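What follows is a single structure, written as structure tokens, with notes after it.
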Amino acid sequence: MIRPARPADALLLARLRRHWTLERHGVALDADSGFEARFREWYTGQLNRGTLAWLAYEGSEPVGMLVMFVHERMPEPDRDPGRWGYLGNVIVLPDRRDAGIGRALLDAALGHADAHGFNRVVLNPSPRSVPFYERAGFGRDHPLLVRG
């Protein structure tokens with residue numbers, strides 16, 4: 001089951017973020033005792049900025065998440081300013097991968113983007129996830145300049 005995350009889901013998202021950090025950076029799941037409080041504060045602020053998140057469940061257990069940061073462009077005269085989404089912080093717990101959960105999360109986010117007229121959805125994938133996003137129709141075609 002996939003559902004939009006709610007404000008009360010901050011601790012569930014924080015737990016999944018801990019798993020993401022363990023996998024990406026080797027940081028122990030019990031490191032940083034103040035993390036959940038900082039995460040809750042961050043998440044509340046992000047919700048006020050229009051950030052969206054989805055949770056994936058198997059039964060009552062959260063097994064994945066996806067976050068979409070929404071960017072609303074500055075208006076121009078006589079033109080729809082448009083908006084776009086940046087996908088980030090996607091994780092499916094390792095023992096739940098390759099079962100369609102990641103695709104279901106992605107479909108939920110892309111469905112929202114399509115329903116709300118987003119001009120584009122972008123992301124910066126890990127090397128391991130590039131084929132996954134390519135199968136979903138993503139390609140490299142935007143010449144961003146990045147300050148390191």
Count of residues meeting criterion [within 20 Å of L87 (Cα to Cα), among the small types (G, A, S) and at pLDDT below 95] in the range 46-66: 1
message: With the structure loaded, tell me whether R103 is under 13 Å from the mean Cα position of the chain (by Cα), free of Cβ contacts under 8 Å to residues at least 60 places away in the same chain and part of a helix (DSSP H, G or I) or whether it fails that test.
response: yes
message: Quick check on this structure: which one of E134, E76 is of a type outside the set (K, R) and surrounded by 10 or more Cβ atoms within 10 Å (Cβ to Cβ)?
response: E134
- prompt: If you check F69 against the conditions, is it part of a helix (DSSP H, G or I) and either over 20 Å from L16 (Cβ atoms) or at pLDDT 95 or above (or both)?
  reply: no
query: What residue, among those in the range 84-124 that are in contact with a Phe, Trp or Tyr (Cβ under 6 Å, 6 or more places away or on another chain) and surrounded by fewer than 17 Cβ atoms within 10 Å (Cβ to Cβ), is farthest from M1 (Cα to Cα)?
result: N119
- line: Result of the Cβ filter at 8 Å on the range 80-91, keeping first residues that are outside any strand (DSSP E or B) and partners that are surrounded by 14 or more Cβ atoms within 10 Å (Cβ to Cβ), at least 6 apart or interchain, is G82/F118
- request: Report, by residue number, each residue of the range 33-66 that is under 20 Å from P7 (Cβ atoms), in a strand (DSSP E or B) and of a type in the set (A, V, I, L, M, F, W, C).
  value: L52, A53, W54, L55, A56, M65, L66
query: List the pairs whose first member sits in the range 112-141 and is in contact (Cβ under 8 Å) with a residue 12 or more places away in the chain, whose second member is outside any loop (DSSP other than H, G, I, E, B) and small (G, A, S), and whose Cβ atoms are under 7 Å apart, counting only residues at least 6 apart or on separate chains?
result: A113/G85; F118/G85; V121/G85; V121/A113; L123/G88; F132/G102
- request: Scan the range 15-57 residue by residue and report those that are farther than 20 Å from A108 by Cα and of a type in the set (A, V, I, L, M).
  value: L22, V27, A28, L29, A31, A37
- line: Residues of the range 49-73 being exposed (fewer than 14 other Cβ atoms within 10 Å of the Cβ), within 15 Å of the chain's Cα centre (by Cα) and more than 15 Å from H116 (Cβ to Cβ), in sequence order, are R49
statement: Scanning the range 1-20 residue by residue, those in a helix (DSSP H, G or I) and either loosely packed, with under 11 Cβ neighbours inside 10 Å or out of contact with any Asp or Glu (no Cβ under 9 Å at 6 or more places or on another chain) (or both) turn out to be P7, A8, D9, L12, L13, L16, R17, H19, W20
message: Let me spell it out: the conditions are (1) surrounded by fewer than 18 Cβ atoms within 10 Å (Cβ to Cβ); (2) in contact with a Ser or Thr (Cβ under 8 Å, 6 or more places away or on another chain); (3) of a type outside the set (S, T, N, Q), and E41 meets all of them except one. Which number is the exception?
response: (2)
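The values are calculated or read from the model by the stated rules, or taken from the named source; none is laboratory data. Here the structure is a predicted model, which means the values were calculated and not measured. Neighbour counts are summed over all protein chains in view; Cβ atoms, including those assigned to glycine, are modelled from backbone coordinates with ideal geometry.
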